[in-house]
Amino acid sequence: MSVAAQSVRGQAGVRSERWAPALAGLLALLLLAATAEIVLDGAVGHSPLVPKSPEIAGWLQGVGERLGFRVFLIAVLVFTAAYAGLLALARRTETRVLSKRSAIVLIGALHLVVFAGPILLSTDVFSYIAYARMGVEHGLNPYLNGPSSIAGDPVYTYVGHDWRHVATAYGPFYTLLSYPLAPLGVTGAVWAMKLEALLASAGTLALTWRCARARQLDPVWAILVVGANPLYVIYALGGAHNDLVMLLAMMGAVSLTLARPSSRGREGAAAAVIVAGALVKATVAALLPFMIVSRRRLAPIVGALAALGVGAVIGYAAFGVHGIDVVAALNRDAAFVSTDSFANEIAHLFGKPGVFPIDHDLLKAGLVVIVLHLLWRTWRGYDWIAASGWTLLAISVTSTWLLAWYILWPLPLAVLTRDRRLLVATFAIQGLFILHQITPLLAPVS
Amino acid sequence: MSTGSPPLDGGLGGRLPAWLRPRELELGGSGRTRLIESTLLALVGLLLAIATVNDVVLQTHVNHRLVADLRTWRSYTGHDYKNLSVEQDLYGHTTRDVVCGNVTPGAPKERVQICLAITGPVAHGRRAAHGGWYLPPKVEDLRRYRYGCYGSTKDGRLCPQ
């Protein structure tokens, strides 16, 4: 390359470096604007995207207009484009386009805007509250009864129709964690659940930061990828989903294994934290075999067994044998089919009206093959954190019941591994999920 | 390539035979495995992308048809009702959809309903109604409740004789 060409390229590079922080600021503003649009319009109520809910965001009314599919989808697409642009900018430029402080302020602002607004897109939080109220206010076992057994309770009217006769599928630790919120009343419990999700998210991001530093990766990039993700902010945090509590346990365990100096105590504790997380939501148990195969020490096995023993005793004491029968709950939920699941889309592609029972078996078999392959790779020295991330991604892709917040499970692990394929694959799956939502934008129904 | 965490000294790993011990580096030959994995990932990604786009196109067509069906019902009956019930053939085996709505103002399905069997392509935002039937109030659109069938539905399996 000639000196003149190098000089021109250098000048262009300097110009783009100068513009990068301003562009990053603009993209950050777009993220905030898109979030604010959804929250302010959602606060007006009477929207198919905002579940029937107690008046918790009434003080935001008067600013926005009723949230329709069109505005929501445009806001999600703007958010996604700004997020992609911000990550590309943060990755490609030599100088840091977003300082540590700016990144934390941006993620904090996104979280607070969502926290201030209504529950978005899901009635799950009302199921959590209903199960807590069943146990605390009505003396019923939420592992044996659905919310329909408390039809006179004020929370019942807010529980989704599909879940009114369904007993809880969550672990006993989560159910016990939600019990202290039951006496707060429905409105108080909704705010407490929102706060719980906010704090769990803050903890997850802090641990992601810590893990990224331990692996000598860019922690600012890592928290931006997770904390400014559209599905994370709008769907998971917006719906106050307990997946955030599960992610907190997951990242707590990963953080313990990455802490230096390593010790048997930390490894045992890490395995115990995974089991505790699985007693919140069972999915996180997928990490345990990879951790054990990678470490090949007794400490994680002992830690996991000890935590399992304690958890089983607590679960049994609180809820009887049904409280610890995680397999039954998983089998029940595995039979559900959602329109957004990839299994359903592939069935349509082959001209079938939907997923058949044989498809469930094929998907389970496929998942087993993937997990066995990843265990073999881990045995040979592959990064157990990456293998765990692949497994969580495979679980969400092969699940016939796919919801937006399920595709978040592998994300904090994907930013911690040097196998970039995992992050690319996670982004690709999230992108396809968002793409699948846009039909009302292409053909609105009036 | 390896990003595996370094194992601890001693413990179970230290007492295991060499081939069972935890590894700091991934064993050789992982390049070929990685190539196979990446190829499979690309193929699965392609399948999922095609399935997603196909589903979006399918849903978009269904929505277009739905909009045309609603317009057709409103145009035939002269009622600008919002709450109409539509039964669509979602998977393209036929183009026949059935749209039902009240013949007089009232809550959905609280009055006698008129149903139109709508088929064919969308032209000028509407489709053709080739027949239909009436339903008494407060019932679902089941064959046994249908009466006063007209048009092409009189000869078919759609109405009781």
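Coordinate-derived values only; no laboratory data. Bear in mind the structure is a predicted one, so any value in this text is a computation, not a measurement. Neighbour counts run over all protein chains shown; Cβ positions are idealised from the backbone, glycine included.
Each of residue A:358 and residue A:101 was given a label point 7 Å from its Cα along the Cα-to-Cβ line. The distance between the two points is 6.4 nm. Using C-alpha pairs below 8 Å separated by at least 6 residues, the relative contact order for region A:14-134 is 39 percent.
The chymotrypsin sites (Phe, Trp or Tyr not before Pro) of region B:66-161 that DSSP puts in a loop, and whose beta carbon has at most 15 other beta carbons within 10 Å, are B:81, B:91.
One equal scatterer on each Cα of region A:319-378, no solvent, Debye formula: the resulting log10 I(q)/I(0) at q = 0.12, 0.21, 0.26, 0.29 Å⁻¹ is -0.43, -0.91, -1.04, -1.13. Report the calculated FRET efficiency for residue A:116 and residue A:52 (r = Cβ-Cβ distance, R0 = 30 Å), to the nearest 0.05. Given R0 = 30 Å and the Cβ-Cβ separation, E is 0.95. For a 4.7 Å threshold on C-beta separation, the list of partnerless cysteines in the protein assembly as shown reads A:211. Each residue of region A:224-230 was assigned a 3J(HN,Hα) from its phi angle through the Karplus expression (A = 6.51, B = -1.76, C = 1.60, θ = phi - 60°), giving 5, 4, 7, x, 10, 5, x Hz with x at Gly and Pro.
Were the residues from residue A:184 through residue A:151 laid out at 0.36 nm apart, the gain over their Cα-Cα distance would be 10.0 nm.
Per-residue Karplus couplings for region A:172-188, computed as 6.51 cos²θ - 1.76 cosθ + 1.60 with θ equal to phi - 60°, are listed in order as x, 5, 5, 4, 5, 4, 7, 4, x, 7, 4, x, 6, x, 5, 5, x Hz, Gly and Pro entered as x. Shape summary of region A:52-133, radius of gyration then Dmax from alpha carbon positions: 17.1, 53 Å. Label zone (residue B:36, point 7 Å along Cα-to-C-beta; backbone nitrogen cut-off 13 Å) within region A:376-395: A:376-377. Close amide H pairs (under 5 Å, H built 1.01 Å from N) link residue A:45 with A:67, residues at least 5 positions away or on another chain. If R0 is taken as 56 Å, the Cβ-Cβ distance between residue A:213 and residue B:119 corresponds to a FRET efficiency of 0.30. Rounded to the nearest 0.05, the FRET efficiency derived from the C-beta distance between residue B:61 and residue A:302 at R0 = 56 Å is 0.45.
Between the DSSP loop rule and a limit of at most 14 other Cβ atoms within 10 Å, which GluC sites (Glu not before Pro) in region B:71-161 are left? All intermediate terms of the calculation are to be shown ahead of the outcome.
Details: sites: B:87, B:110, B:140; in loops: B:110, B:140.
Listed in order of number, the matching sites are B:110, B:140.
What translational diffusion coefficient, to the nearest whole µm²/s, does region B:77-141 have by Stokes-Einstein, given a Kirkwood radius computed over alpha-carbon pairs, a temperature of 4 °C and 1.567 mPa s viscosity? It diffuses with D of about 104 µm²/s by this estimate. From helices alone, chain A scores -21000 deg cm²/dmol at 222 nm; the rule is -39500 (n - 2.57) for each run of n ≥ 4 DSSP H residues, then divide by the residue total. Note that region A:362-446 shows a convex hull volume over its alpha carbon atoms of 96 Å³ per residue.
Taking every residue in A:373-386 and counting other chain Cβ atoms within 10 Å of its Cβ, the average works out to 5.
Mind checking the mean number of beta-carbon atoms from other chains within 10 Å of the Cβ atoms in A:417-428?
Working: counts 1, 3, 5, 0, 5, 1, 0, 2, 4, 0, 0, 4.
If you average over the peptide's residues, the count of other-chain Cβ atoms is 2.
Let me know the shape class of the protein assembly as shown, please: from the alpha-carbon gyration tensor, a ≥ b ≥ c as square roots of the eigenvalues, rounded when a/c is under 1.5, otherwise prolate if a/b is greater than b/c, or oblate. If you can, show how the numbers build up before the last one.
Details: a/c = 1.75, a/b = 1.48, b/c = 1.18.
Because a/c hits 1.5 or more and a/b exceeds b/c, the protein assembly as shown counts as prolate.
Under the convention that each Lys and Arg Cβ holds +1 and each Asp and Glu Cβ holds -1, the size of the dipole of the protein assembly as shown around its Cα centre is about 1200 debye. Taking amide H atoms as placed 1.01 Å from N in the peptide plane, the amide H of residue B:149 lies under 5 Å from those of B:134, each 5 or more residues away in sequence or on another chain. The residue list A:159, A:125, A:112 was ranked by how far each Cα lies along the charge dipole of region A:82-192 toward its positive end, using unit charges on Cβ atoms, and A:112 comes out on top. The phi-based Karplus calculation (6.51 cos²θ - 1.76 cosθ + 1.60; θ = phi - 60°) puts the 3J(HN,Hα) values of region A:425-431 at 5, 5, 4, 4, 5, 5, x Hz, whole numbers, x for Gly and Pro. Extension gain, residue A:365 to residue A:63, is 103.6 nm, computed as 0.36 nm per intervening residue step minus the present C-alpha separation. Over every Cα atom in region B:39-161, the radius of gyration and the widest Cα-Cα span, Dmax, amount to 17.7, 61 Å. Placing a label point 7 Å from the Cα of residue A:310 along the Cα-to-Cβ direction, the residues of region A:148-185 with a backbone N closer than 16 Å are A:172-174, A:176-177.
Remark: the Cα gyration tensor places region A:302-446 in the oblate category, a/c being 1.5 or greater and a/b not exceeding b/c.
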